[in-house]
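The values are calculated or read from the model by the stated rules, or taken from the named source; none is laboratory data. A quick note: this is a predicted structure, and the numbers were derived from the prediction, not measured. Backbone-built Cβ (ideal geometry, glycine too); neighbour counts: all protein chains shown. Just the protein is used for accessible areas: all its heavy atoms, side chains included, with ligands, DNA and RNA removed. Shrake-Rupley method; radii C 1.70, N 1.55, O 1.52, S 1.80 Å.
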Amino acid sequence: MTNLVSKWNYPTTVRFGAGRIKELPEVLEAAGIKKPLFVTDPGLAKLPVVASTLKLLDDAKVPYGTFSDIKPNPVEANLKAGIAVFKAGGHDGVIAFGGGSALDLGKLIAFQAGQTRPVWDFEDIGDWWTRANSDAIAPIVAVPTTAGTGSEVGRAGVLTDEATHTKKIIFHPKLLPAIVIADPELTTGMPPFITVGTGMDALAHCLEAYCAPGYHPMADGIALEGMRLVLENLPKAYADGTDITARAHMMAAAAMGATAFQKGLGAIHSLSHPIGALYDTHHGMTNGVFMPYVLAFNRPAVEERIARLAAYLGIAGGFDGFAKAILNLREQLKVPHTLPELIKGLDMDAARKDFIAVSAVADPSTGGNPVELTKEAARAILDSAIEGR
Ligand code: NAD
């Protein structure tokens, strides 16, 4: 019989809707932040969306500092530089503004600035998070500008460990932002590649959460509806980036994916993480590449579940119908079908494939995969994604 015992967590306050970025000054007040550090990435820092947001702070006479020395798939050096700016500026909270990279790094600055132990001591392993001084964590206001990672409603931050070439998940309940402004107008400037990549991330979160074993019917329900929103709206947001209705539904789906994946993730993420750490690929797009290969691998455990999903989505043909719909969606959105299509000039030797397989098995996402992911299985999925079979 199913074990009907589990732990459920739900996100924070989300002020959702077009134009709500205007509420930033009052949101800071509500979060108790008087002198925020505005954290974003260098690409976004040059765009009007940042200038217009900073103007809101200027107009409200909020004293703030800025930090944008962040690479995609951020690393510890970015974190250390951000903490130095946070401390030097006497800041008392963070506005994390951007895609997952800026959101995660902003969250981690607020978290780590007051800690004495290295950040790696707070990896998402067992109860390591209890090592942190919870009282020293500064409040966070999160403002997503992509619609994929859902980091704005999550209690984790992803940081690449350059020493081991691995992506590590840093976890603490207080990494959950105090307040989120989810304003779809901020996402309309995303170029198509990022729209698709982040959308595939939201889909992967919902799909893996839905397939993860464990008793979490609320997460399952959220994941189901999240997938419907992605399948119906990602093609519209891709075709017309200014379609604010599609952008809004994608922003909701992203938050839903991250809410659902408290139930667990799976082998899509386990394999995507080492690829991202080694090749600096876009996380969500890498998930999109692995999706059909992992789905096929998991088939024996999820065939009936996926048939129910297909029925909910109005897709005929059960598991096969859903698998085909995923392939069609990827084709329509120009998601690379293989890793060599994603990473130009890819040439992986056996040692590197083994390293990726071993890293995938050790990844914290692996526990949520419905079929045991052995090193051999991870290697076989990797080969499929390289060869496209
Ligand atoms: P990203 O934050 O790396 O941004 C990708 C690019 O998009 C950047 O060049 C950025 O400048 C640009 N961009 C962002 N918003 C834009 C906008 N509105 N207009 C124009 N350009 C814009 O991409 P992402 O997919 O949002 O985040 C990926 C990161 O998030 C990875 O490091 C991944 O590991 C992490 N992640 C974290 C979680 C979590 O739970 N914390 C979950 C999934 C992924």
Query raised in the report: Hey, what do the phi angles of segment 11-28 turn into as Karplus ³J(HN,Hα) couplings, whole Hz, using 6.51/-1.76/1.60 and θ = phi - 60°, x for Gly and Pro?
Result: x, 9, 5, 10, 8, 9, x, 4, x, 6, 4, 4, 7, 3, x, 6, 5, 4
Report task. Could you tell me the accessible area of TYR64 in Å² (1.4 Å probe, neighbours in place), rounded to the nearest ten? Result -> 60
Query - Span from the segment 288-346 Cα centroid across to the segment 250-270 one, whole angstrom - result: 16
Report task. Could you list which residues have their amide H under 5 Å from that of ALA182, counting only those 5 or more apart in sequence or on another chain, with H placed in the peptide plane? Result -> ARG15, PHE16, GLY17
Requested in this report: Sort out for me the Cα centre separation of segment 33-102 from segment 108-165, rounded to whole Å.
Outcome: 16
Query raised in the report: With each label point set 7 Å from Cα along the Cα-Cβ vector, what nm distance links LYS87 and ALA301?
Result: 4.3
Report task. Would you tell me the accessible area of THR187, worked out with a 1.4 angstrom probe on the heavy atoms of the protein chains, in Å² to the nearest 10? Result -> 0
Query raised in the report: Which of ALA255, VAL358, GLY288 sits farthest toward the positive end of the charge dipole of segment 192-387, with +1 on the Cβ of Lys and Arg and -1 on the Cβ of Asp and Glu?
Result: ALA255
**Report entry** Other-chain or far-sequence residues with amide H under 5 Å of LYS168's (modelled H)
**Finding:** LEU159, THR160, ASP161
Report summary line: Phi angles of segment 116-123, converted by Karplus (6.51 cos²θ - 1.76 cosθ + 1.60, θ = phi - 60°) into ³J(HN,Hα) in whole Hz with x for Gly and Pro, give 9, 8, x, 4, 5, 6, 10, 4
**Report entry** Cα-based reach from LYS87 at 17 Å (exclusive), listing lysines while leaving out same-chain residues under 8 positions away
**Finding:** LYS34, LYS35, LYS107
Query raised in the report: When every alpha-carbon pair in segment 316-389 is counted, what percent end up more than 21 Å apart?
Result: 41
Query - Positive-end residue, segment 13-187 charge dipole about Cα centroid, Cβ charges, pick of VAL180, THR13, GLY93 - result: GLY93
Query raised in the report: Can you pick out the pairs among LYS22/LYS174; LYS324/LYS344; LYS61/LYS167; LYS46/LYS167 whose Cα atoms lie more than 32 Å from each other?
Result: LYS61/LYS167
Query raised in the report: Classify segment 192-387: rounded, prolate or oblate, from the alpha-carbon gyration tensor (a ≥ b ≥ c, eigenvalue square roots; a/c under 1.5 rounded; otherwise prolate if a/b is larger than b/c)?
Result: oblate
Query raised in the report: If you count the DSSP beta bridges with both ends in the chain, what percent of them are antiparallel, to the nearest 5?
Result: 25
Report summary line: For PHE38, other-chain or 5+-apart residues with amide H closer than 5 Å (H placed, Pro excluded) are GLY65, THR66, PHE67, ILE95
Report summary line: hull vol. (C-alpha, convex hull) per residue for the chain, Å³ -> 129
Report summary line: Result for the chain: accessible area per residue, probe 1.4 angstrom, in square angstrom, of 40
Query raised in the report: Is segment 13-187 best put as rounded, prolate or oblate by its Cα gyration tensor, with a ≥ b ≥ c the root eigenvalues, rounded for a/c under 1.5, and otherwise prolate when a/b is larger than b/c, oblate when not?
Result: prolate
Query raised in the report: Sorted by accessible area (1.4 Å probe), largest first, how do GLU372, GLU152 line up?
Result: GLU372, GLU152
Requested in this report: Assign one of three labels to segment 35-74, namely rounded, prolate or oblate, based on the Cα gyration tensor with a ≥ b ≥ c the square roots of its eigenvalues; rounded applies when a/c is under 1.5, prolate when it is not and a/b is larger than b/c, and oblate otherwise.
Outcome: oblate
Query - Accessible surface of GLU341 - all protein chains present, 1.4 Å probe, nearest 10 Å² - result: 90
Report task. Please report, as a whole percent, how much of the solvent-accessible surface of the chain comes from carbon and sulfur atoms (probe radius 1.4 Å). Result -> 57
